[in-house]
1. Are any of the residues in the stretch 21-33 open to solvent by 60 Å² or more (accessible area, probe 1.4 Å) and on the phi > 0 side of the Ramachandran plot?
2. Does PRO79 satisfy the criteria of being in a helix (DSSP H, G or I), of a type outside the set (Asp, Glu) and exposed (fewer than 11 other Cβ atoms within 10 Å of the Cβ)?
3. Please find, within the stretch 43-63, the residue that is nearest to ARG21 (Cα to Cα) out of those that are open to solvent by 80 Å² or more (accessible area, probe 1.4 Å) and among the β-branched types (Val, Ile, Thr).
4. Search the stretch 79-103 for residues that are without any contact (Cβ under 8 Å) to a residue 12 or more places away in the chain and pair each with any residue that is open to solvent by 100 Å² or more (accessible area, probe 1.4 Å) and not acidic (Asp, Glu) when their beta-carbon atoms are under 6 Å apart and the residues are at least 6 apart or on different chains.
5. Given the stretch 1-74, what helices (runs of 4 or more DSSP H) lie entirely inside it while holding 2 or more residues that are of a type in the set (Gly, Ala, Ser)?
6. Based on what the data block shows, is PRO106 in contact (Cβ under 8 Å) with a residue 12 or more places away in the chain and open to solvent by 60 Å² or more (accessible area, probe 1.4 Å)?
7. Starting from the stretch 14-34, take each residue that is over 14 Å from ILE58 (Cβ atoms) and list its partners that are among the hydroxyl-bearing types (Ser, Thr, Tyr) and not in a helix (DSSP H, G or I), counting only C-beta distances under 6 angstrom and pairs at least six apart or across chains.
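The values are calculated or read from the model by the stated rules, or taken from the named source; none is laboratory data. Just so we're clear, the structure is a prediction, and the values are computed from it rather than from any experiment. Please note: Cβ atoms are built from the backbone with ideal geometry, for glycine as well, and neighbour counts cover all protein chains shown. With ligands, DNA and RNA removed, areas are computed over all heavy atoms of the protein, side chains included. Shrake-Rupley method; radii C 1.70, N 1.55, O 1.52, S 1.80 Å.
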Amino acid sequence: MRQVETLERVCSRLGYPNSIRVDQRPEFVSKDLDLWAYANSVTLDFSRPGKPTDNAFIEAFNGRLRAECLSANWFMSLPDAREKLECWRRDYNTVRSHSAIGIKPPASLINHAGVTSPPV
(Lines give C-alpha, C1' and ligand atoms only; values in the text may rest on other atoms or scores of the structure.)
Protein backbone atom coordinates (compact mmCIF):
# COMPACT_ATOMS: atom_id res chain seq x y z
CA MET A 1 0.00 0.00 0.00
CA ARG A 2 1.41 3.35 -1.08
CA GLN A 3 0.19 5.27 1.96
CA VAL A 4 2.05 2.97 4.33
CA GLU A 5 5.22 3.06 2.21
CA THR A 6 5.12 6.85 2.05
CA LEU A 7 4.43 7.24 5.77
CA GLU A 8 7.24 4.84 6.62
CA ARG A 9 9.69 6.74 4.40
CA VAL A 10 8.73 10.11 5.90
CA CYS A 11 8.53 8.92 9.51
CA SER A 12 11.87 7.14 9.35
CA ARG A 13 13.40 10.53 8.50
CA LEU A 14 11.34 12.85 10.70
CA GLY A 15 9.93 10.63 13.43
CA TYR A 16 6.48 9.20 14.06
CA PRO A 17 3.63 11.57 14.98
CA ASN A 18 1.29 11.00 17.88
CA SER A 19 -1.71 11.17 15.56
CA ILE A 20 -2.67 11.68 11.91
CA ARG A 21 -5.97 13.28 10.88
CA VAL A 22 -7.55 11.48 7.93
CA ASP A 23 -10.90 11.45 6.20
CA GLN A 24 -13.10 8.47 5.35
CA ARG A 25 -11.78 7.81 1.82
CA PRO A 26 -10.88 4.19 1.03
CA GLU A 27 -7.12 4.83 0.97
CA PHE A 28 -7.28 5.78 4.66
CA VAL A 29 -9.79 3.15 5.79
CA SER A 30 -7.66 0.07 5.30
CA LYS A 31 -6.28 -2.78 7.34
CA ASP A 32 -2.74 -2.00 6.17
CA LEU A 33 -2.85 1.59 7.39
CA ASP A 34 -4.59 0.58 10.62
CA LEU A 35 -1.94 -2.07 11.30
CA TRP A 36 0.89 0.38 10.52
CA ALA A 37 -0.61 2.97 12.90
CA TYR A 38 -1.08 0.41 15.67
CA ALA A 39 2.46 -0.97 15.26
CA ASN A 40 3.91 2.54 15.50
CA SER A 41 1.65 3.90 18.28
CA VAL A 42 0.05 6.44 15.94
CA THR A 43 -3.61 7.34 16.43
CA LEU A 44 -5.67 7.69 13.26
CA ASP A 45 -8.08 10.57 13.87
CA PHE A 46 -10.95 10.14 11.40
CA SER A 47 -13.15 13.05 10.40
CA ARG A 48 -16.88 12.44 10.39
CA PRO A 49 -18.27 11.12 7.09
CA GLY A 50 -19.52 13.94 4.88
CA LYS A 51 -17.99 16.66 7.09
CA PRO A 52 -15.01 18.16 5.25
CA THR A 53 -15.10 21.09 7.67
CA ASP A 54 -13.75 18.73 10.33
CA ASN A 55 -10.40 19.28 8.67
CA ALA A 56 -10.44 22.90 7.58
CA PHE A 57 -6.64 22.87 7.11
CA ILE A 58 -6.72 20.34 4.29
CA GLU A 59 -9.71 22.04 2.67
CA ALA A 60 -7.80 25.36 2.69
CA PHE A 61 -4.68 23.63 1.36
CA ASN A 62 -6.65 21.99 -1.47
CA GLY A 63 -8.06 25.39 -2.44
CA ARG A 64 -4.58 26.95 -2.52
CA LEU A 65 -3.15 24.08 -4.53
CA ARG A 66 -5.97 24.38 -7.06
CA ALA A 67 -5.80 28.18 -7.34
CA GLU A 68 -2.02 28.68 -7.21
CA CYS A 69 -0.79 25.65 -9.11
CA LEU A 70 -3.35 23.49 -10.89
CA SER A 71 -5.44 26.32 -12.35
CA ALA A 72 -2.44 28.59 -12.97
CA ASN A 73 -0.45 26.18 -15.14
CA TRP A 74 -0.76 24.24 -18.36
CA PHE A 75 0.66 20.74 -17.99
CA MET A 76 2.08 19.59 -21.31
CA SER A 77 3.12 16.12 -20.13
CA LEU A 78 3.34 14.05 -16.98
CA PRO A 79 7.02 15.02 -16.44
CA ASP A 80 6.07 18.69 -16.91
CA ALA A 81 3.27 18.34 -14.33
CA ARG A 82 5.63 16.64 -11.87
CA GLU A 83 8.19 19.42 -12.28
CA LYS A 84 5.68 22.25 -11.80
CA LEU A 85 4.01 20.57 -8.82
CA GLU A 86 7.40 19.91 -7.20
CA CYS A 87 8.38 23.59 -7.64
CA TRP A 88 5.13 24.68 -6.00
CA ARG A 89 5.53 22.12 -3.19
CA ARG A 90 9.08 23.26 -2.46
CA ASP A 91 8.04 26.91 -2.32
CA TYR A 92 4.98 26.12 -0.17
CA ASN A 93 6.99 24.08 2.36
CA THR A 94 10.36 25.81 2.51
CA VAL A 95 9.96 29.46 1.50
CA ARG A 96 6.41 30.63 2.06
CA SER A 97 5.43 31.65 5.59
CA HIS A 98 2.24 30.28 7.16
CA SER A 99 0.30 32.28 9.74
CA ALA A 100 -0.98 29.13 11.49
CA ILE A 101 2.57 28.26 12.57
CA GLY A 102 3.86 31.67 13.58
CA ILE A 103 4.65 33.20 10.17
CA LYS A 104 7.25 30.51 9.42
CA PRO A 105 7.59 28.01 6.58
CA PRO A 106 6.65 24.41 7.50
CA ALA A 107 10.22 23.21 6.94
CA SER A 108 11.29 25.29 9.95
CA LEU A 109 9.29 22.91 12.18
CA ILE A 110 11.45 19.90 11.37
CA ASN A 111 12.88 18.84 14.67
CA HIS A 112 16.16 17.01 14.61
CA ALA A 113 16.14 16.42 18.37
CA GLY A 114 13.77 13.44 18.19
CA VAL A 115 10.49 15.14 19.18
CA THR A 116 7.84 13.74 16.85
CA SER A 117 4.97 16.19 17.22
CA PRO A 118 4.95 19.98 17.42
CA PRO A 119 4.09 21.50 20.79
CA VAL A 120 0.40 22.12 21.35
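1. No: the stretch 21-33 contains no residue that is open to solvent by 60 Å² or more (accessible area, probe 1.4 Å) and on the phi > 0 side of the Ramachandran plot.
2. So PRO79 passes the test.
3. The selected residue is THR43.
4. Final answer for the pair search is SER97/ILE103.
5. Values: elements: 2-14, 31-39, 56-65.
Fully inside the stretch 1-74 and qualifying: 31-39, 56-65.
6. When the stated conditions are applied, PRO106 does not pass them.
7. GLY15/THR116; TYR16/THR116; PRO17/THR116; PRO17/SER117; ASN18/SER117; SER19/THR43
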